[in-house]
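To keep things clear, I will list the structure first and then write my remarks on it.
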Amino acid sequence: MNHTSQASCKHPAMTRNCTRIKPALATDYFRREKYSYILVRPGTFRMNQCVEINKEIHIQGEDGARLQGTWFFKAGHSKCTIKNVTLIHEAEPDIQTEGYQRMIHIVMGELVVSDCAILCPGGYPLWAANRAAVTVSDCIVAGAEDCTSKMASGVVAMEFSRLFIRNTRIESAEECCVFVDNDAEVKLKKCCLQSGDVGVMLRLTANPAPVPCFLRPTSQVSNRHTALQSLTPPASNDSVILIPAPNTR
């Protein structure tokens, strides 16, 4: 049976033909070398296994797009982007993966995440290692969407990774909002760190630059992540794969 079909993309920003695929096959299409541009339709899509990315890929969400699962980026010198998507992973306390449950784990290449909600209750939403380069802008990094469960730590920079985080709120952490290890470097610009036992935690020769940012106590935190209500609308000019939202109850 042919699980894909060629169709003219109706999104006003798209000008080329695209491929419509069934949700059950979408995880595999993230990995295929042929497809580098993916448009995620509104709805929640649950990936049943970690998505390993070793190529350049650009993921664009329409308003209301949600991807639930974990990601492992090892794209060498390639640049990957994720825009206007709610990314969710609920860590399972009984599962031990070197003691850490990461939602977005990048060890190679460059990753740019913008206008996204990065939510990982009980785990680590964003973890960079080796010489990875990460830019996060206009996002929220937190635990559960309704604030009922905290994340472990929001952003973790290990080894020689380089991170630039701007106009982003990092909140509701059991450990710390930002952890910078060894020779890693994190630049924070116009960010808000709140509701965590520690704002920025450093080790050894870490190099943070948290200016100018806001550090707020738990008492000033709202009962819902308001950034989820103000994500920037999508914009793209390239061919894409359309991922239809599955039926949800």
**Q.** Global geometry of region 30-176, whether rounded, prolate or oblate, following the gyration tensor of its Cα atoms and the 1.5 cut on a/c
**A.** rounded
**Q.** Whole-percent carbon and sulfur share, accessible surface of region 39-85, 1.4 Å
**A.** 42 percent
Q) If Lys and Arg each add +1 and Asp and Glu each add -1, what is the summed charge of the other residues whose beta carbon sits under 12 Å from the beta carbon of A132? A) +1
Q) Any idea of the accessible area per residue across region 47-183, 1.4 Å probe, to the nearest Å²? A) 36 Å²
Q: Using amide H atoms built 1.01 Å from N in the peptide plane, name the residues 5+ places from F72, or on other chains, whose amide H lies under 5 Å from its own.
A: V51, E52, I53, H105
Q) On the accessible surface of region 86-195, probed at 1.4 Å, how many percent belong to carbon and sulfur atoms? A) 44 percent
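Rounded, prolate or oblate: which fits region 65-143, taking a ≥ b ≥ c as square roots of the Cα gyration tensor eigenvalues, rounded meaning a/c under 1.5, else prolate when a/b beats b/c?
Values: a/c = 2.12, a/b = 1.18, b/c = 1.79.
Cα axes put region 65-143 in the oblate bin.
The values are calculated or read from the model by the stated rules, or taken from the named source; none is laboratory data. Treat the numbers as computed from the prediction; the structure is a model and nothing was measured. Note: ideal-geometry Cβ built from the backbone for every residue, glycine included; neighbour counts use all protein chains shown. Accessible surface areas use protein heavy atoms only, side chains included; no ligands, DNA or RNA. Shrake-Rupley method; radii C 1.70, N 1.55, O 1.52, S 1.80 Å.
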